[in-house]
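J.: One structure coming up, written as structure tokens, with questions to follow.
The values are calculated or read from the model by the stated rules, or taken from the named source; none is laboratory data. In this text the structure is predicted, and so the values were computed from the model without any measurement. Cβ placement follows ideal geometry from the backbone for every residue including glycine, while neighbour counts extend to all protein chains displayed.
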């Protein structure tokens, strides 16, 4: 009975984190973007600093009519947002935030493979949405999503493989237990490749060609309204949380910090994740969108060779220090 | 010959065994729908269910590493590639009346023959071997890695050469087309 209770509590906490953190990132995005670009719109709702903007957005989404286009493939159209969102909930279960036993939802033996595999499933949601909408713009968006995923999955995997080689394990807590501070300069190329490829997989700017509003309206999500549309947006923010958390765990040492490692490990993890999330938002407001051919070129001619070079470097150093 | 049956009993299955059979039936059903449905994209999505079901079966057999690699490669990449290809065609929403190539009997014969061969090989290879599901995981990453790179290195390398050949072939084919255009 205690075991069942333990599992239930852990799952509840993970679910709570899943509900809260993406919204926090969304709210931060509103505020950071408003300040960086001098946008006055999000600064009014609720009075002080426009704190209620996110609440207002939520109310707006809930009020909108849920429309399914007449020619759409009804069931797949309605199923797609769930397929896009749920994988991120599953991934959160495996990300450790502290050194103790209780600081991870569930220890997964092949942790890296688990998180990358399940994250890849989320993209199926976009593809389903793109095809089932019976809309040219949606279909183009879906096509671009698929092309982008195929291009960026490989460098992401290779960069993660480099860390696994360095640590000698594919379990996420295991990697953090093996972490030393000098891994940071050693794995820095892999970290950059992983982060950039992750951004592209989330279709965040500057890699937002699949949802480029000035060309194809909103890509695969063009026909969605109301809560289903909000679920897709939520999936994007949950994706940011997961990507930043994973980069923290794999490359930035997770709960390790210059001081206070004993009780404050989880603070370090959250802090690093938050800083990375800020960088994600920062990139959105400061970089222009990459064109489709530039996107593919960046993946195949820059990121893949860089990731391979990182793996070679990891191998050489690993053999040298043994 | 009867060791397995004596030690464990086929008539009093454990929870894991029941789950294994149920997931297996669901997987088989999804696979059947995949090959019989007339809606092309639905076929690809049912394939996701079938491949995911297989991953669950691996998990139930404690082969965790294989299960996640199955999801990563097949659901995450192969199906995405399939859907990408389908989007490039005129796959309509609703039924494709010309989706049947008229090869049904031949396809059925080949499928039954392949299934029979596989079942026979697996049954013959593992006869009375019983996986202890309660003990430590026997399909963990380190165990899989040791087996793969100690006992099965040669087939592994041969497979990678095969993949390399396919890669080179694909490049050759795609380059040829461009020269024709010029």
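J.: Would you point out which residue out of A:85, A:21, A:90 is closer than 18 Å to residue A:202 by Cα, buried (at least 18 other Cβ atoms within 10 Å of the Cβ) and within 14 Å of chain B (Cβ to nearest Cβ)?
T.: Going through A:85, A:21, A:90 in turn, the sole match is A:90.
J.: Can you name the residue in the stretch B:52-92 that is outside any helix (DSSP H, G or I) and surrounded by fewer than 18 Cβ atoms within 10 Å (Cβ to Cβ) and is also nearest to the other protein chains (Cβ to nearest Cβ) among such residues?
T.: Selected residue: B:92.
J.: Also, quick follow-up: Does residue A:199 fit the bill of being more than 19 Å from residue A:316 (Cα to Cα), within 17 Å of the chain's Cα centre (by Cα) and away from chain B (no Cβ under 14 Å)?
T.: So residue A:199 fits the description; yes.
J.: Counting only residues that are within 14 Å of chain B (Cβ to nearest Cβ) and buried (at least 21 other Cβ atoms within 10 Å of the Cβ), how many does the stretch A:170-196 have?
T.: Adding up the residues that qualify gives 5.
J.: Mind checking which residues of the stretch A:71-100 are closer than 30 Å to residue A:31 by Cβ, assigned to a loop (DSSP other than H, G, I, E, B) and either without any contact (Cβ under 8 Å) to a residue 24 or more places away in the chain or over 15 Å from the mean Cα position of the chain (by Cα) (or both)?
T.: Within the stretch A:71-100, A:96, A:97, A:98 qualify.
J.: With A:220, A:160 as the choices, which residue is under 26 Å from residue A:84 (Cβ atoms), within 14 Å of chain B (Cβ to nearest Cβ) and modelled with pLDDT of 85 or more?
T.: Going through A:220, A:160 in turn, the sole match is A:160.
J.: Among the residues that make up the stretch A:63-70, is at least one of them surrounded by fewer than 14 Cβ atoms within 10 Å (Cβ to Cβ), modelled with pLDDT of 85 or more and not in a loop (DSSP other than H, G, I, E, B)?
T.: yes
J.: Here is a follow-up. Filter the stretch A:101-134 down to residues that are in a loop (DSSP other than H, G, I, E, B) and more than 7 Å from every other protein chain (Cβ to nearest Cβ) and give me whichever is modelled with the highest pLDDT.
T.: Here the residue is A:133.
J.: Cβ-Cβ distance below 8 Å, separation of 6 or more or different chains: which pairs start in the stretch A:34-46 with a residue that is at pLDDT 75 or above and end on one that is exposed (fewer than 12 other Cβ atoms within 10 Å of the Cβ) and part of a loop (DSSP other than H, G, I, E, B)?
T.: Pairs found: A:34/A:40.
J.: Residue check: is residue A:282 touching a residue at least 24 places away in the same chain (Cβ under 8 Å), assigned to a helix (DSSP H, G or I), exposed (fewer than 15 other Cβ atoms within 10 Å of the Cβ) and more than 14 Å from the chain's Cα centre (by Cα)?
T.: Criteria met by residue A:282.
J.: What's the total number of residues in the stretch A:101-157 that are under 27 Å from residue B:89 (Cβ atoms), surrounded by 24 or more Cβ atoms within 10 Å (Cβ to Cβ) and over 16 Å from the mean Cα position of the chain (by Cα)?
T.: 12
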